[in-house]
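The values are calculated or read from the model by the stated rules, or taken from the named source; none is laboratory data. Only a predicted model underlies this, so the values are computations on that prediction, with no experimental measurement involved. For neighbour counting, all protein chains shown are included, and Cβ atoms are generated from backbone atoms with ideal geometry for every residue, glycine included.
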Amino acid sequence: MRARAFVIALTGVAVVACGPVGDDGRADAVTAELRSGRDVYRSGTAPRLSLTVHNDTQGSCSIPKHGIGSLLVTSITRDGTAIASASRSIPTFAPPLDAVRAALSPLAGGESTALDVETQSSPAAVVSHRIEANGTMSATTWPVDRPGEYTVTAALRIPDDASHTGLPPLCAVPGTSSVGFTVE
């Protein structure tokens, strides 16, 4: 096998992978693709987005059952221009890392799972939760309520400290994945 990194761009879907490539040309890696439920949304309607993680390896890896603290939206553009985001600290009753660790479950080789990207309505927005270096949680919000062509970029970044001795190693997906949609 040889190692190779690649990105496959499809209409509205980008797949990111990195890892060994077998003789058949298929990646032996964990990959992710960001998807939109629709190509077009009405103004004021929150988009339905998900990050589908594919484990195309021989073994299992661990992934949270939700994206909070590990599915990170890294940027959103409208008509090619970055949208300003707003971040705020989120008070939690327990350490956020514990919530990620408690949500981990094995993803067997050859299987896939989808993590929903959090959205909100009134106004329509995309939300991403990040565990900060000091262990606190923050939420970043991007408005997506104005008409235009949007591109959302996200990554799966499970904190290394979330690993659990009773589970397979954490799923590692290199790079980011992007998806586009239109708001009319």
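Across region 138-151, which residue is surrounded by the fewest Cβ atoms within 10 Å (Cβ to Cβ) among those that are touching a residue at least 60 places away in the same chain (Cβ under 8 Å) and under 21 Å from I90 (Cβ atoms)? Here the residue is P143.
The rows are residues; the columns are (1) out of contact with any Ser or Thr (no Cβ under 7 Å at 6 or more places or on another chain); (2) farther than 15 Å from V173 by Cβ.
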{"position": "Q58", "(1), (2)": "yes, yes"}
{"position": "D79", "(1), (2)": "yes, yes"}
{"position": "A84", "(1), (2)": "yes, yes"}
{"position": "I90", "(1), (2)": "no, yes"}
{"position": "L107", "(1), (2)": "no, no"}
{"position": "S122", "(1), (2)": "yes, yes"}
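Within the span defined as region 100-121, every residue fails to be modelled with pLDDT of 95 or more, of a type in the set (K, R) and not in a loop (DSSP other than H, G, I, E, B). Just so you know, in region 51-68 the residues that are hydroxyl-bearing (S, T, Y) and over 21 Å from D161 (Cβ atoms) include one that is surrounded by the most Cβ atoms within 10 Å (Cβ to Cβ), and it is T57. Mind counting the residues in region 64-81 that are modelled with pLDDT of 95 or more, of a type in the set (V, I, T) and within 19 Å of E33 (Cα to Cα)? Summing the residues that are modelled with pLDDT of 95 or more, of a type in the set (V, I, T) and within 19 Å of E33 (Cα to Cα) in region 64-81 gives 4. Taken as a whole, the condition of being among the β-branched types (V, I, T), under 24 Å from G166 (Cα atoms), at pLDDT below 95 and touching a strand residue (DSSP E or B) at 6+ places or on another chain (Cβ under 6 Å) does not apply to V21. Within region 88-96, the presence of at least one residue that is over 16 Å from R48 (Cα atoms), hydroxyl-bearing (S, T, Y) and at pLDDT below 90 is confirmed. So P168 fits all but one of (1) surrounded by 16 or more Cβ atoms within 10 Å (Cβ to Cβ); (2) part of a strand (DSSP E or B); what number is the exception? Here P168 meets the rest and fails (2).
Quick check: anything in region 134-155 of a type in the set (D, E) and either in contact with a Leu (Cβ under 8 Å, 6 or more places away or on another chain) or over 25 Å from D79 (Cα atoms) (or both)? Within region 134-155 (the criterion being of a type in the set (D, E) and either in contact with a Leu (Cβ under 8 Å, 6 or more places away or on another chain) or over 25 Å from D79 (Cα atoms) (or both)), the answer is no, since none of the residues qualifies.
Results for (1) small (G, A, S); (2) touching a strand residue (DSSP E or B) at 6+ places or on another chain (Cβ under 8 Å); (3) farther than 30 Å from T57 by Cβ; (4) crowded, with 17+ Cβ neighbours inside 10 Å, shown as yes or no for each residue.
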{"position": "L115", "(1), (2), (3), (4)": "no, yes, no, yes"}
{"position": "Q120", "(1), (2), (3), (4)": "no, yes, yes, no"}
{"position": "V126", "(1), (2), (3), (4)": "no, yes, no, yes"}
{"position": "T136", "(1), (2), (3), (4)": "no, yes, yes, no"}
{"position": "A155", "(1), (2), (3), (4)": "yes, yes, no, yes"}
